[in-house]
Amino acid sequence: MEPNKKQPTHLLHTLDHQISNSKNPWFLLTGVIVAALLLGTLTGFGIQMLTGGTGLSSNSKKNVETVDASGAKTSAGIVDKEAFPDEVEGTLQEGGFEGEGSFHLERKGGQSQFVYLTSTTVDLTEFIGKKVKVNGQTFNAEKAGWLMDVGYIEVVK
């Protein structure tokens, strides 16, 4: 071996038996886990507070329902313009078009202007025969001219 060359140091070392036999690593490990859980919880809570809680449980996306003095429903559904961007008015009637939709809105211009409706969030039967405004999501229809999934409905006065 050359006199100016250093001896290579080994990457593996033996542990000091005094440290490895003590109970301190378990206490330390438990403390680190508890601190990580606490910090994670506080971080999630902080983010929710900063964003105003705009997740699925937000008040703007809850199912709402209003009734008049007689107890008849005047509106129902989810007020969410992003999920239900399309809006249309007409008189709600029962009946779809060749298997598409269960209801339809009668509008000026006759049957060619009807909007055929289905709903995954609102019981439309309570609004049959009433002039209503609906917010929904338009779907491609095979036979009907306009097919919509209603998310929100309100009686027009």
- [ ] Would you mind computing, in nm to one decimal, how far apart the modelled labels at residue 97 and residue 156 are, each placed 7 Å from Cα along Cα→Cβ?
- [x] 1.8
TODO: Place +1 on the Cβ of every Lys and Arg and -1 on the Cβ of every Asp and Glu in segment 59-155, take the dipole about the Cα centre, and give the residue among 132, 119, 69 whose Cα lies farthest towards its positive end.
DONE: 69
TODO: May I ask you to compute the full-extension gain from residue 82 to residue 128, defined as 0.36 nm times their residue separation minus their alpha-carbon distance, rounded to one decimal in nm?
DONE: 14.0 nm
- [ ] State, to one decimal in nm, how far the label point of residue 69 lies from the label point of residue 29, with both points 7 Å from Cα in the Cβ direction.
- [x] 7.2
Task: Relative contact order [Cα under 8 Å, 6+ residues apart], segment 59-155, whole percent - done: 30
Open item on the list: Please report the antiparallel percentage of the DSSP beta bridges confined to segment 59-155, to the nearest 5.
Closed with: 90
Open item on the list: Per q in 0.20 Å⁻¹, report the Debye log10 I(q)/I(0) for segment 112-157, using one uniform scatterer on each alpha carbon and no solvent.
Closed with: -0.65
Open item on the list: Between residue 140 and residue 37, what is 0.36 nm times their sequence separation minus the Cα-Cα distance? Round to one decimal in nm.
Closed with: 32.4 nm
TODO: Taking all pairs of distinct Cα atoms, average 1/r, flip it, and tell me the Kirkwood hydrodynamic radius of segment 59-155 in Å to one decimal place.
DONE: 13.3
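Each reported figure results from applying straightforward, stated rules to the coordinates on display, with no laboratory input. Values in this document were obtained by computation on a predicted structure and should not be read as measured data. Here the Cβ is made from the backbone with ideal geometry for all residues, glycine too, and neighbour counts use every protein chain on show.
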